[in-house]
1. What's the extension gain from residue 128 to residue 144 if we count 0.36 nm per residue and subtract their Cα-Cα distance?
2. Calculate, in nm to one decimal, what residue 106 and residue 63 gain on full extension: separation in residues at 0.36 nm each, minus their alpha carbon distance.
3. Between residue 162 and residue 97, what's the calculated FRET efficiency when r is the beta-carbon distance and R0 is 35 Å? Round to 0.05.
4. For residue 151 and residue 181, compute 0.36 nm times the residue count separating them, minus their Cα-Cα distance, and round to one decimal in nm.
5. Near the amide H of residue 95, under 5 Å away, which other amide H atoms are found, from residues 5 or more places off or on another chain, if H is placed in the peptide plane?
6. Which cross-chain or sequence-distant (5 or more) residues have an amide H under 5 Å from the amide H of residue 134, H modelled 1.01 Å from N in plane?
7. Amide H of residue 123 versus every other amide H placed in the peptide plane: which residues, excluding those fewer than 5 positions away on the same chain, fall under 5 Å?
Amino acid sequence: MRTKAKPSLDPLRIGLAKDEALRSSVAKGEALKSGVAKGEPFAARKRRPKLRLAYVIASLDRILRRRMTEALAPLGITLSQFTALSVLDARGQASNAQLAERTFITPQSANEVMSAMTARNWISRGSDPTHGRIVVLQLTDEGRDVLRRCQDAVRGIEEQMLAGIARDDASSVQGHLETFVRNLRA
């Protein structure tokens, strides 16, 4: 007994059917989302490869670093200093090692950054009450004022980045990015 053949889900046949539909649309002069112009040979259609998520995130990181560095320069502050002030504002206080980890710089570089910020009275240093050898860093009032000016300077960059994205979508993206960070820190 012969069974009825199921419709083929062969990707090649599906692709050929889509190609034929595309040729027909081009021949009719219909606008296509894929960017194939009227009369353009079908073989000329170029498929843009989908970028890896890690590449897109790294590209965004480079763009943000460059744009934020440019925005902060007139205020006389580096991106590392701004990041350190932001971390201290969020955490209340931190050791030099904790700050180095959260600001993506080496402990040696963090020590230089913290010394420069201490000299400008943006942060204060004190002893950790539970461990005498650990130095605890905190924002000063002057450091908070500098941080507010910096936040104003970079706010436009974030607004430009989020243009055209619904608040819920932006919140969802941020949640996913925070999950990526937690996953990779583990």
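Readers should treat all values here as calculations from the given coordinates under stated rules, not as data from a laboratory. Just so we're clear, the structure is a prediction, and the values are computed from it rather than from any experiment. Glycine also receives a Cβ, built like all others from the backbone with ideal geometry; neighbour counts cover every protein chain displayed.
1. Values: separation 16, 0.36 × 16 = 5.76 nm, distance 2.14 nm.
Once the chain is fully extended between residue 128 and residue 144, it gains 3.6 nm.
2. Working: separation 43, 0.36 × 43 = 15.48 nm, distance 2.18 nm.
Residue separation times 0.36 nm, minus the Cα-Cα distance, leaves 13.3 nm.
3. Working: r = 33 Å, r/R0 = 0.94.
In this case the efficiency is close to 0.60.
4. Details: separation 30, 0.36 × 30 = 10.80 nm, distance 2.24 nm.
Once the chain is fully extended between residue 151 and residue 181, it gains 8.6 nm.
5. Long-range HN contacts for residue 95: 137.
6. For residue 134, whose amide H was placed from the backbone, the distant partners under 5 Å are 128.
7. HN-HN under 5 Å from residue 123: 118, 140.
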